[in-house]
Amino acid sequence: MATNNMIISIVTNIAPPYRVKVWNALSLNYPTSLRCIFLAHNEANRDWNIDKESFEFKYDTLPGVAIKINSKFIHLNLGIISSLKRAKSDVIITTGYNPAQILAAMYALINGIPHIAMTDGTIESENNLSPIHRAIRKFLFKHTKAFIGASNGSIRLFKKYGINETAIFKSHLCANNELFRKTLKNSTQGNRRYDLIFSGRFDPIKNPLFAIDVGYRTSIILNRKISLLCIGSGQLLSEMQSKANQYKQHLHVDFAGFLQQESLPHAYASAKILLFPTAWDPWGIVANEACAAGTPTITTPMAGCSNEIIIDAQNGYILPLDEKVWSEHCAKLLIDNHLWESFSRASLTAVKEYTYENAAKGIYDAACSALGNRNV
């Protein structure tokens, strides 16, 4: 184990609040000098308030251009090399394959600095990559010293490229479990205001309109009005409001807008079931948040968290995108209090090890491995 401060540079798009907490834990709990190099202040489809006063690490935010393709941003930042030169890194971690991140990996290779590839991707989420994208990964991986995945699905992805398991480490995505725990006192199914909750971007890939349809169908099954809390923002807001109005005799929908991190525990703890009907998601941090609130989750096989933090028929359901099937399972959970309580307890157990400290340890262990466990 390193005895002196290891200089780690992480090149990443922006600073998600749930990752900032991990980087803080890495800086505070391990002998590291961490510098994060951000390719943008934020992205247009993110409404996070990023409090850089809370950072316990050094950082650069590079000027550049971001090109949006579908729901993804391609970042072009020519200042990446200058930033890395100033950092004098012992290890360089890249979290994706934007041009700036590829340049950072090449800089590491040329200068003999151990490179670590980090991803929350899975075989399923990268299933439609072009041959060029796959070729870039294969080339970089040949010269990469260690690998960090956010999930078991990420680990399987690296193994598919022939990476030895001993070079792969996990740094999972996580919510602020402690903050959620403080909110959960005396929380039972009976005192939760909303039957259902949807949390995420109001974009087609997240299927928020599907969630409203499920709420309506559940009302028909139970022969009572269903309440649904929608958290988030995005292009489908007006359509969602229109559909909610169409179903107003059967469904009461509250639109809370985008909520910052400190408001999420109360929101999740006010609902009985999270609907996470994503058509594609490498993980889904909303599942962590729901579990931390003891809220059972219904999601799809296309969510990376499926069969990892959400286990079918244990703390939620993993179902195909079929409104009838989803509404039947919602009704089942809402009727059976004992089943709901069992799922709620299992959710709290499932999320227990998904902490910032454990995620930080995965990064540190990967960095030590990349350096051959030698002192720096």
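The values are calculated or read from the model by the stated rules, or taken from the named source; none is laboratory data. Every value quoted in this text rests on a predicted model; they were computed, and no experiment measured them. As a convention, Cβ positions derive from the backbone with ideal geometry for all residues, glycine included, and neighbour counts pool all protein chains shown. These area figures cover heavy atoms from the full protein model, side chains too; ligands, DNA and RNA do not enter into them. Shrake-Rupley method; radii C 1.70, N 1.55, O 1.52, S 1.80 Å.
Just a few scattered comments:
- Among the residues making up segment 323-376, those that are of a type in the set (G, A, S), open to solvent by less than 30 Å² (accessible area, probe 1.4 Å) and more than 18 Å from L275 (Cα to Cα) are A359, A360, G362, A366, A367, A370.
- Members of segment 112-137 found to be touching a strand residue (DSSP E or B) at 6+ places or on another chain (Cβ under 9 Å) and not small (G, A, S), listed by number: I113, P114, H115, I116, M118, T119, D120, T122, E126, R137
- Any pair with Cβ under 6 angstrom, 6 or more apart, that starts in segment 348-366 at a residue that is in contact (Cβ under 8 Å) with a residue 24 or more places away in the chain and ends at one that is open to solvent by 50 Å² or more (accessible area, probe 1.4 Å) and of a type outside the set (A, V, I, L, M): Y356/K21; G362/K170; Y364/Y30
- Complete set of residues in segment 14-56 that are under 25 Å from F258 (Cβ atoms), more than 17 Å from the chain's Cα centre (by Cα) and of a type in the set (A, V, I, L, M, F, W, C): C36, F38, L39, A40, A44, F55
- Pair list, Cβ < 6 Å and 6+ apart or interchain, from segment 233-246 residues that are in contact (Cβ under 8 Å) with a residue 40 or more places away in the chain and buried (at least 18 other Cβ atoms within 10 Å of the Cβ) to residues that are among the basic types (K, R) and assigned to a helix (DSSP H, G or I): none
- Test: residue in segment 300-318 that is open to solvent by less than 60 Å² (accessible area, probe 1.4 Å), within 17 Å of I212 (Cα to Cα) and under 19 Å from the mean Cα position of the chain (by Cα): yes
- Count of segment 219-242 residues which are touching a His at 6+ places or on another chain (Cβ under 9 Å) and farther than 20 Å from A279 by Cβ: 6
- Entirely in segment 46-117, the strands (runs of 3 or more DSSP E) that have 2 or more residues that are out of contact with any Cys (no Cβ under 8 Å at 6 or more places or on another chain): 65-69, 72-76, 91-94
- Some residue of segment 82-91 being of a type outside the set (D, E), buried (at least 20 other Cβ atoms within 10 Å of the Cβ) and without any contact (Cβ under 8 Å) to a residue 40 or more places away in the chain: no
- Looking across segment 97-143 at every residue that is over 16 Å from S83 (Cα atoms) and hydroxyl-bearing (S, T, Y), the one that is surrounded by the fewest Cβ atoms within 10 Å (Cβ to Cβ) is identified as S130.
- Among the residues of segment 248-265, the ones that are farther than 12 Å from I197 by Cα and open to solvent by 30 Å² or more (accessible area, probe 1.4 Å) come to 9 in all.
- The set of residues from segment 246-295 being in a helix (DSSP H, G or I), under 19 Å from the mean Cα position of the chain (by Cα) and not small (G, A, S) comprises Q261, E262, L264, P265, Y268, I285, V286, N288, E289, C291.
- Meets criteria (open to solvent by less than 60 Å² (accessible area, probe 1.4 Å), of a type in the set (D, E) and at pLDDT below 95) for D281: yes
- Only one of the numbered conditions (1) under 24 Å from G121 (Cα atoms); (2) open to solvent by 30 Å² or more (accessible area, probe 1.4 Å) is not met by L39, and that is (2).
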